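Scroll down for the structure; my scribbles are underneath it.
The values are calculated or read from the model by the stated rules, or taken from the named source; none is laboratory data. Note that the structure is a prediction, hence the values are computed from the model and not measured. Every residue, glycine among them, receives a Cβ derived from its backbone with ideal geometry; neighbour counts consider all protein chains shown.
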Amino acid sequence: MKTTTRLLAAVLVALLLLTTAPAQNFFAVPAAVSASAATAPAKIAGLFITTTNECQLLKLTWKNQSGANGYQIYRSTTGKNGSFKKIATVRGRTAFVDKNLKNAKTYYYKVRAFVTENGKNMYGPFAKAHLSTRMTNAYAKKFMKKANQVYLDWIFLMEGDGIDTEEAITVPYDGVEYDYYMLKNKNIKTLKDVEEIVGKYFDPSILYEGTSTARYIEKNGRVYARETAVGCAFGIIRDVKIQSQTDKKIQLSVPYYYNGSYGVDKPTTFNDRVTLKYKDAHWIVVSDYEKTHYIV
């Protein structure tokens, strides 16, 4: 009897514990820890290319992509479906300048945004654009005006003190006699002195004696300037037209207007043939009329 009583009491206690304990689902699967998975960015918008310095630079710009950590820029020279190579990764800006490009060549670009999550990048689709670096007539005109100003600045620098017309010598070249006048600037004593100045603006070959293009000669510790090298400046540039162009050479037709100067009795327009040659990251202006080289 006592054993039966104890058994009933144990059952009652167990039932009481089950009815008072919180309900639990012993078969439920534990909830997964929630995490915000990174998503790939969308295709960038507004990709645009401009020439900031024709024949040498192209500038790419695009609209800011919200949430992007940066952008990758790829370039091809073999067409929009050609072989592309990554040339830059930029962060914190929406522009890129591609430098040291060749003239008269088309460059193809594609740009994509990326986001970084846990050290890994996720990329959006590419946006594409292309542009040629061909020089335009308008830029060629601007370029020639700059070359003209360089020439005028050089004239002022070299011969600002003038020449001594009383100290002249005559030198025959190719059957023609040329008059040379002594520079008053006593600090210019040798052709080396001239070259240090001229080299900033011109091809030093214009200094060589014994040719019809010689501008200066050295004699008795002084430097003499040829008559056409003194006080000679270009006329007013009327227009510039590109005849042909490659990555190394551009042929121009340049009409100059002279208002009764430079040995011209009345206003006259001369059509000069000018060649631009690309050398050592500079365009060199070679005038067929003047036979000189202006480095710009």
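Go through the stretch 40-52 and report how many residues are over 13 Å from Lys128 (Cα atoms) and surrounded by 13 or more Cβ atoms within 10 Å (Cβ to Cβ).
The number of residues fulfilling the criteria is 4.
Grab the strands (runs of 3 or more DSSP E) fully contained in the stretch 84-143, keeping just those with 1 or more residues being buried (at least 16 other Cβ atoms within 10 Å of the Cβ) and of a type in the set (A, V, I, L, M).
Once the strands (runs of 3 or more DSSP E) in the stretch 84-143 are filtered for at least 1 residues that are buried (at least 16 other Cβ atoms within 10 Å of the Cβ) and of a type in the set (A, V, I, L, M), what remains is 106-117, 127-132.
Looking at the stretch 151-164, is at least one residue touching a Phe, Trp or Tyr at 6+ places or on another chain (Cβ under 7 Å), modelled with pLDDT under 85 and charged (D, E, K, R)?
Yes, the stretch 151-164 contains at least one residue that is touching a Phe, Trp or Tyr at 6+ places or on another chain (Cβ under 7 Å), modelled with pLDDT under 85 and charged (D, E, K, R).
What's the number of the condition Asp193 fails, among (1) modelled with pLDDT under 80; (2) among the acidic types (Asp, Glu); (3) not in a strand (DSSP E or B)?
Asp193 satisfies every listed condition except (1).
In the stretch 53-83, what residues are assigned to a loop (DSSP other than H, G, I, E, B), in contact with a Gly (Cβ under 9 Å, 6 or more places away or on another chain) and surrounded by 17 or more Cβ atoms within 10 Å (Cβ to Cβ)?
Selection gives Trp62, Gln65, Ala68.
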